[in-house]
Each structure stands twice: as C-alpha cells, then as structure tokens.
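Report on the structure given below.
The values are calculated or read from the model by the stated rules, or taken from the named source; none is laboratory data. What you are looking at is a predicted structure, and each value in this text was computed from that prediction instead of being measured. Don't worry about glycine lacking a Cβ; one is built from the backbone with ideal geometry, like all the others, and counts go over all protein chains shown. Side chains are part of the model used for accessible areas, which takes the heavy atoms of the whole protein and leaves out ligands, DNA and RNA. Shrake-Rupley method; radii C 1.70, N 1.55, O 1.52, S 1.80 Å.
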Amino acid sequence: MTCKPTQTPAADTFDIPTLREKYRAERDKRMRADREGQYRPTTDDTTHSYDVDPHMPVVARDPIVEELDVVVLGAGFAGLLAGYHLTRQGVTNFRNIDHGGDFGGVWYWNRYPGIQCDNDAYCYLPLLEETGFMPSKKFADGAEIQAYCRQIAESFGFADKALFHTLITSLKWDETIQRWRVGTSRGDELLARFVVMGCGVLNMPKLPGIAGINSFKGKIFHTARWDYDYSGGSYANPVLDKLADKRVAIIGTGATAIQAVPYLGRYAKQLYVIQRTPSTVDERPNPATDADWAASLQPGWQADRQANFHRAAMESFAPGEPDLICDIWTEIARNLSAELEAEGWPEMSIEQFMAKREVVDYRVMERLRARVDEMVEDKATAEALKPWYRFLCKRPLSSNEFYPTFNRPNVTLIDVADSKGLEKITEKGFVSGGVEYEVDCIIFASGFEVTSELKRRWGIDAVEGRDGLSIYDHWANGPRTLHGTMTHGFPNQFFIGYIQGGLNASVTEQFGRQAEHIAHIIHAVMDKGAKVVETTLQGQEDYVRHFEEMEIDMTAFQQECTPSYFTNEGQVKAPWALFRGYGPGWGAFQKLVQDWRAKGDLDGMELRS
Ligand code: NDP
C-alpha cells in the first residue's frame, strides 16, 4: 500500500516568526542553569534500592574463576549483537554479563503497563532474516521483544553462557598477563583477553533533583522497576486493581509516561500527571502483521527497510522513493518529498532545502497541536498539553489513549513548566504552585542517564587501562577514539554506543554495525596470533581530527530547542553530546570502516604478541 502525505495546515494559516518566538519563550521557561546537574542518581533515593530486581529472584551461585577470550558487558541489544557477530566470526569463548536476570537490557527491566516499542518493529528488532522471527504487529509489545532477545541468544548458541544478576564492578588491564581482570558483584574473578562494552544508552534510571525526595512516606518507584505487588496486576495482565483506592502521581510525560498514563488513569482513584514539557503525540495505528506481506518479502528486505527508515528520519528520501515505514517518524520526509515531486524536484542549495523542510516541520507541528484540541475536552488542559518546539527537539511519540485519559474525572494535569520542574516532595505528597497535593504513591517516569558523566552511566567503580589509567580521567572532556571503537591506553577494549561514529536512526542497526566491526577486529587479531591490539595515539588523533573536520554543527538547531537529553539539556558542546555523528552520514561512515577492514592491515592499530 502506498503511504500518502498527511494533510497539514497550509503555511499561510500561521506566522512562522511568531511561532519561532513562541518556541523560544517556551524553551527559556524550561532552561535550567544546572543542566545535567538537575538530575540525581538513583542512589539519592535512600528509601529503597534500585539494585533490587522486582521481576526475578536472585539465585545464589558460587563465584566463577576462569579465563575467557571475551567478556561482553551487557545482554541487551548491544550485548546480543556483540554475541551474534563474535559467534559468526568463530569466537565462541565469551560470556555476556548483565545486571538483569535475563537477556533484554532495557526490555528486561522496563515492564511498566503498556510498554511497547515506539519504532517500527520490522526495523527495530535486529536479525529478523537471520532468526526467521516476525513481530506480531508494527509496534511490538515489550514482552514480545524481551522474549525475542532470548531467542537471538538461543538461536546462535550463547544463551547458556551468560551470567545474569551480575554487575561488573571493576575492569583492570593487567599488562603482565595481557588480559583484563574482571571483578563482579558475585565475587567472580574473570580473566578476559578482550572486553566489549555493550552498556546501552538507557541502562541507568535517573531521578529528578526535587527537594524532599526522601521525605515522602508513601510508595515510590521508577517506571524501570515497576512494582506490580503494589499496583496490582502483572506484566502479562496489567489490571492495576490495587490502585482503586490510591492517589497516584506520575512525574514525566516522555515516551514511558505516555504509555503508562492510560493504565494509571483507568485504575487509580486519582491520578496527577506532572508535566514539565509536553510531548508530540500522534495517533498510533498498530495493525497486526499481514501474513501475505510477510510471505512476500525478499532476501535483504530488512536492510532495505532500515535504510529507508534512516533516510526518512535523518536524511531525506531520494526522488520517487516510497515511504515504507509510514508513521510519525517519517511524516516530514514523506510530505517534503511529495512537495518536491509536485515541483519537479528543482535544484536547490542545502540552505534552501533546510528552509523548505523547516516549513514542513511547522506544518506538521501545527497538525499535532490541533490534534490535542480535537481530543482533550478541557480547553486549559489541551493548551497545556501542546508541544511548542521543532519536531526532532524531543523524541516523537504516538498513542491513541494518552490524550483521552485527560477527559477522565479522576485525572489531573499538573503543569510545572513555570517552576522548571516539580517544586517539592513532602511527607504526604508534592507541592506545585504553592499547593500541597496528598498522594499515596509517586512514580518516576523521569528517564535515564543518557548524557551524564560516564561513571554514573556505566556504574563501574574502576575501569583502568595500561599503567592504571582510569577511563573516567582519560575521557573527562569527552571521548577520543579510532572509529568510535577503541581508545589509546586501553588495549583490547571495545565500545558500542553513541561515540564518534556514524549515527543511524535505529539504535539497533547502529549497535549491530559496531558489533560487526568489533568482532572483525577481534577475529583478525586472534587470526594473526597476536595477544594485544591497541589503537596508536597517531591513529586515534588522525581519526578524531577527521571526525571533527567533517562534523556538522548542530548547535544552531539545538539551541532553539526546549531542553532534553536530545540536546544535552541545552548545553552546547557537552562532553557526552548524544548526537555527534560522522558528518558525511551513516552510509559514508560504513564505507569508511568497510574500506578500512578490506585493507586488512588494521591501520592505526598496533598488535603485540
Ligand atoms: P524521558 O527522559 O524521555 O522523560 C523524562 C520525563 O521526566 C520528561 O517528561 C521530563 O520533563 C520529566 N522530568 C524530568 N525532571 C523533571 C522534574 N524535575 N519535574 C518534572 N518533570 C521532570 O524518559 P522516558 O523514560 O520517558 O524515555 C526515555 C527514552 O526511552 C525515550 O526517549 C526512548 O528513547 C526510550 N523509550 C523507548 C520506548 C520504545 O518503545 N522504543 C518506550 C519508552 C521509552 P522534560 O521533558 O521537561 O525534561
């Protein structure tokens, strides 16, 4: 079926300079001087421990003492894709090590009611052709994704080797034995030739820095540690019946909250939704997978679909290219493409193209704001729920139930934009606009440590390379790497994540290509009979210079945005800025590393025996 452009308000129905000013005013209202510093690690909540797994009991086991070729930190998609590519390269003496009780990473921990993938599952779930798995619908449920994570590990034979409920607490390179000494929370002593850091980006929940967080005497938990004993229901059957006599507050209106809020609204006696910045929330048609369509797919279909998605979300469609994804992520590219088609694809400069795209962006955002008016009965609530920023300033979302939830008599929106966040938590509830609201339960849908300092995100006490050099000192001003994969001074250590490489719109596609590259290097090193591989300082600095010369400066766009982790909370040139990608694009970066691999000499790296 052809995906058509959407109907959006015409450009002459609104005034762009006025909208631009409105966007700036809304941004300024929320901009905080403490930026990233406004958030607190979960250890600041002294009322309970986020190390406790509410989903599975921790089973006692003896410490393990052994030598391995590879330790893969993580058993989420980054760790799974590392496992898959290592296996493909014939490297099988490895273990995934994970804090959770099973494969899945974020999909293990996050079991809040309503959890679904908010990207096209046919793109997001990796290795569909390799495993033969087909998601049951476009936006797959969390449980289906987590089960698929285990299926990947089982299909490629590395499920039984993983160590779960195990936190890596120290990683120290020992030059005398040319191995990493890996310490864990279970007292294991592992000696690994190589380590792959597949920590993911949403591994560590964070808390808003709200005064009085520890004084609250009621129930408190983060959405990534949902407590069904308290709410009633279960992950498989989220009927939250124990909330029938409870007053609940949920802090946040991001991707997580908009999925959980409809369930809380349905079951809680009273729900307060505490919003600082409204999200963009489109409709969410979620059809079951069409069996005929699935049967018609030709080999290579998933890579083609992922490439189509990436072009729509981060680049633009080529003339005549269909939109295979057809959802909120691809709307701007689709509408712009239709406009250019009607104009016969005129020649234009990049500036002219971006100006045209900006108009389409305003039109789409006008459509989304009008949608709020259509769905929310109370005018003041509807007004407060409207997003005022450019489309990709925050993650675009979709839900059919989020807005109608505000039409329920037991649901109240508490807008905390003017105070730049919730004012205060008290023994009995929370304070906003000088009024104390008494509640029984506070739920933090406050997100994850995405761009905070590395130690907070990794949560590993010590990561030491050659001569006891700490990576936290080494990268205090941000990462320096060769291809985003290795750093000088840290032999045999590899990184998967948003670090100085190509950026893909699909996080799993990005992790997969990184894992493929890493597995290639590990195999090549072992094949050459070497024990150690390390990027040379020269190799690293040459790449960093190239990366920085090629980099596209996003600050003009980002500075206009309302703050979020997408824009490093408004900090320009943040050391761990999320979207610092290889300027010429994803395809160019893949060509760069493929050509490098094809040369076969591991240029910029030094091998030692
Ligand atoms: P987010 O970081 O997106 O949202 C956190 C929310 O907490 C925001 O609404 C934020 O407001 C609010 N908040 C933070 N501090 C305060 C404060 N002091 N007072 C009031 N409100 C506050 O976290 P999510 O868990 O919602 O989502 C994180 C990411 O997880 C997503 O962006 C997405 O990548 C991923 N995700 C993916 C899903 C999928 O299906 N693939 C589903 C769910 C999540 P503000 O916006 O003003 O900062």
- Go ahead and collect, in residue order, the members of segment 265-284 whose backbone nitrogen is under 12 Å from a label point 7 Å along the Cα-Cβ direction of residue 417. 275-280
- What spacing in nm lies between the two simple spin-label points modelled at residue 131 and residue 318, each 7 Å away from Cα in the Cβ direction? 3.0 nm
- Could you do me a favour and compute the accessible area per residue for segment 1-123, 1.4 Å probe, result in Å²? 46 Å²
- Computed over segment 280-363, protein heavy atoms only, probe 1.4 angstrom, the accessible area per residue in square angstrom equals 49 Å²
- Round to the nearest 0.05 the FRET efficiency obtained for residue 531 and residue 603 when R0 = 30 Å and r is the Cβ-Cβ distance. 0.95
- Task: Give 29/386; 29/217; 455/528; 22/420; 161/599; 217/394 a once-over and call out the pairs whose C-alpha atoms are over 26 Å from each other.
- Result: 29/217; 455/528; 161/599; 217/394
- Using modelled amide H (1.01 Å from N, peptide plane; none on Pro or chain starts), what sits under 5 Å from the amide H of residue 316, excluding residues fewer than 5 places away? none
- Query: Given the Cα-Cα distance of residue 351 and residue 7 and 0.36 nm per residue of separation, how much length would full extension add, in nm?
  - Reply: 121.3 nm
- Sequence-distant or interchain residues sharing an amide H contact under 5 Å with residue 606, placed H: which? 534, 535, 536
- Residue order for 28, 141 - accessible surface, 1.4 angstrom probe, largest first: 28, 141
- Report, in whole Å, the centroid distance computed from the Cα atoms of segment 95-131 and segment 291-364. 27 Å
- If packing is taken as the mean number of other Cβ atoms within 10 Å per residue, what is the order of 58-71, 32-45, highest first? 32-45, 58-71
- Task: Give me the net charge of residue 346's neighbourhood, meaning all other residues with Cβ under 13 Å from the Cβ of residue 346; Lys, Arg count +1, Asp, Glu -1.
- Result: -3
- Between residue 214 and residue 16, how many nm apart are label points set 7 Å from Cα along the C-beta direction? 5.2 nm
- Rounded to the nearest Å, the spacing of the alpha-carbon centers of segment 45-78 and segment 384-432 is 34 Å
- Message: Under 5 Å between amide hydrogens, which residues at least 5 positions from residue 163 or on another chain qualify, with H placed 1.01 Å from N in the peptide plane?
- Response: 96, 97, 98
- Item | Label zone at residue 289 (point 7 Å along Cα-to-Cβ), backbone N below 15 Å, segment 87-117 | 117
- Exactly which trypsin sites (Lys or Arg not before Pro) in segment 523-572 are in a DSSP loop and have at most 13 other Cβ atoms within 10 Å? 528
- Query: Percent of accessible area on the chain owned by carbon and sulfur, 1.4 Å probe?
  - Reply: 51 percent
- Helix-derived [θ] at 222 nm for the chain: sum -39500 (n - 2.57) over DSSP H runs of at least 4, divide by residue count, nearest 500? -9500 deg cm²/dmol
- Message: Using protein chains only and a probe of 1.4 angstrom, how many square angstrom of residue 546 are accessible, to the nearest 10?
- Response: 60 Å²
- Query: Can you give the accessible area per residue of segment 145-220, in Å², using a 1.4 Å probe?
  - Reply: 36 Å²
- Task: Could you please state, rounded to a whole Å, how far the C-alpha centre of segment 456-509 is from the C-alpha centre of segment 243-285?
- Result: 36 Å
- Would you mind calculating the gained length between residue 555 and residue 189 on full extension (0.36 nm times residue separation, minus the Cα-Cα distance), in nm to one decimal? 127.3 nm
- Query: In terms of the Cα gyration tensor, with a ≥ b ≥ c the square roots of its eigenvalues, is the chain rounded because a/c is under 1.5, prolate because a/b exceeds b/c, or oblate?
  - Reply: oblate
- Report ³J(HN,Hα) in whole Hz for each residue of segment 183-195, in order, from the Karplus equation J = 6.51 cos²θ - 1.76 cosθ + 1.60 where θ = phi - 60°; Gly and Pro get x. x, 10, 5, 9, x, 5, 10, 9, 10, 10, 5, 10, 10
- Task: Filter the GluC sites (Glu not before Pro) in segment 343-374 to those in DSSP coil with at most 14 other Cβ atoms within 10 Å of their Cβ, and list the result.
- Result: 343, 347
